Every structure is written in C-alpha cells, then in structure tokens.
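The values are calculated or read from the model by the stated rules, or taken from the named source; none is laboratory data. Note that this is a predicted model, so its numbers are computed, not measured. Methodologically, a virtual Cβ is constructed for each residue, glycine included, from the backbone with ideal geometry; neighbour enumeration extends over all protein chains shown. Calculation scope for accessible area: heavy atoms of the full protein, side chains included, ligands and nucleic acids excluded. Shrake-Rupley method; radii C 1.70, N 1.55, O 1.52, S 1.80 Å.
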Amino acid sequence: MCIRDRCSVSMVIRYNIMYGNKGCCGKFLLLLPAIIAQVFIIYAVFGYFRYFLTTVSKRGFKILLTIVMGFLSKIFELSYLLTIFINPGSIDPEWSNKNLKNVKLKSDSDREEYAQLYPSVDVSAGEGRYDYCFKCHTVKPERAHHCSSCNKCYLKMDHHCPWMGNCIGLYNHKYFLKTLLFGTILGIMMIATWSKDVFKMMIADEGDTTYRRTTLELTIILTSYMLSAVLLLSCLIMLIDQSYLAFHNTTSVEQRVYGLSLIHICRCRRYAVCRSRWSPYH
C-alpha cells in the first residue's frame, strides 16, 4: 500500500500493526473481536442448554424445544462463520488492469500521481467511467469502496464489521443478514422460554429443591441470560437497520455519503447508478 507523505508516523505504525496483511499478527487482531463474540455466544447457548433444557419436565415440549433451539443455534453459527470467511467481493486485478485508461481523476494532484504510477496510460483516451483508489492501487467499479481496516476495495461494500473480523460486501452480505435474522430469533426464543425460570431461581428459598441453585450455577445462569439479552438487542437493532438499507437497495456507506437511498441519489444525479441496477437482494 502506498501511504501518502501527509500521513503521520503514528498512522503508518497503526496500519502496519493492526491492518497490515504481512504475517498473521494483523489478521489475528482483526479476528480477535469475532473470537470474543463467538466465546460469549457459545457460553450463552451452553448455559441455556445445560441449566434450562435439562430441567424441563414435559417430555414432548423438551424434545421439541431441543430440536428447534439446536437448529437455530447451528444455522446461526453457520451463517456467522460464512460471513467471516467468505470474500466480501475483491476486485479482479485483471479487470482493474484492463480499465486503467477508463479512470476519471478529479484533481490535478491525482492526475500527477496517476501519471507517475502509469506513465504509459493515456487517461484522456478512455471513457472516464471508473474511480481509482490510490490506497490499494485498484480501479474501482461503481459502488465499490475502500476499507481502511482490510486495506482493500470491495464490491458494494456496506461496512467493516469488527465482530465479524471482515468487511460486509456483495458476496457475504446475505449471510450477514441471515446471521442477524437467526441471531434475533435465537435470542427471542432463549429470553422467552428462560425468563420465568431465571426469575424463580433468583428468589428461590433454601428449601426449594426445584429452582434452588448454588452460587456458581446461579452466576453462570445469570451471565448466560444477560448475554442472550445482549445477543437479541444487538442483532435486532442491526437487523432493522440493514433491512431498511436492503429494501432501499443501498448500503451504509452510500447512505452516509450520498443520502437516504439510491432513488434519491439518481434524482440528484450525484451518483451514477441506475434505479433498476441488479442487487443481491433480488
């Protein structure tokens, strides 16, 4: 990556340590929040299965709930892992090299820097359709954006999610939405079926053999219950936000930079994207 001269030494160090792709250290730091989130989720699900499902007295309800919760937890975990490990939408280097002359440069300083990088490329002979990223030296198609954390440009980038350790882009956006959806349903099911028993465990007397728990068990139960509530709230809030963006065929980056939706963007002619453009939500 070519870091411009105006960047400070601290920014260079921060990039090399946290977001660089040299070695495993930077990748591990990017995945660290995702690993922590996975540990908390597994802890919450373990507490639910260990201290609630095993105590359900009705056999039919217990079997049904075990199947439903097992399915939800597995499909949620699968969607989570797919969001982490699927490429969000890297730009093909071969395509980028073929379109070097079709770049539109906005300022004289950009033209000078571009001429130094590609002295044999005549930009004026091209259509000037695409932008160029001077950070990762890639021709960017429409709706592609640069992620400073990943140090790459991705197709239809929505945002960089630290809890996924990955960008949310064209190819993994649907798995991100599935993660939020199944995380919300899983959290609702855990809170709805567990709240009554958790409350009874907190107020149980010493003679109550049904709901009385040791201090350690009660601590694990309450911690798992609170983590389930955190899972529900975080997934629900993000699901509402992402669903709104999906229905408007826009992304977080485009909403923040260009306005409410792509329909509004096209009317203002500030962004060259057609209203009928294909999207992964069709």
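Annotations
- Whole-percent carbon and sulfur share, accessible surface of the range 149-262, 1.4 Å: 69 percent
- Between CYS136 and THR55, residue separation times 0.36 nm minus the direct Cα-Cα distance comes to 23.6 nm.
- Sorted peptide list for 77-88, 170-181, criterion being average Cβ within 10 angstrom, highest first: 170-181, 77-88
- Per-residue accessible area (protein heavy atoms, 1.4 Å probe) orders VAL121, VAL139 as VAL121, VAL139, starting from the largest.
- Take LYS74: with every protein chain present and a 1.4 Å probe, its accessible area is about 140 Å².
- The slack between GLN116 and TRP95, meaning 0.36 nm per residue of separation minus the straight C-alpha distance, is 5.5 nm.
- Cα principal axis extents for the range 46-200, largest first, Å: 77, 24, 18
- Heavy atoms of ASP241 accessible to a 1.4 Å probe, total area in Å² rounded to 10: 60 Å²
- Sequence-distant residues sharing a close amide H with THR138 (under 5 Å, placed H): CYS133
- In nm, spacing of pseudo-spin labels at LEU29 and LYS104 (7 Å Cα→C-beta vector): 3.6 nm
- Greater than 25 Å apart at Cα, pairs in LYS104/LYS178; LYS27/LYS101; LYS58/LYS196; LYS101/LYS152: LYS104/LYS178; LYS27/LYS101
- Listed residues VAL56, VAL103 arranged by accessible area, highest first, probe 1.4 Å: VAL56, VAL103
- Length, then width, then depth: along the principal axes, the Cα atoms of the range 185-226 run 36, 17, 12 Å.
- For the range 91-146, a simple Cβ point-charge model (Lys and Arg +1, Asp and Glu -1, everything else neutral) yields a dipole of about 140 debye relative to the Cα centre.
- Accessible area per residue (1.4 Å probe, heavy atoms of protein chains only) ranks LYS27, LYS104 as LYS27, LYS104, with the largest value leading.
- Normalised per residue, the accessible area of the range 21-148 is 59 Å², obtained with a 1.4 Å probe and no contribution from ligands, DNA or RNA.
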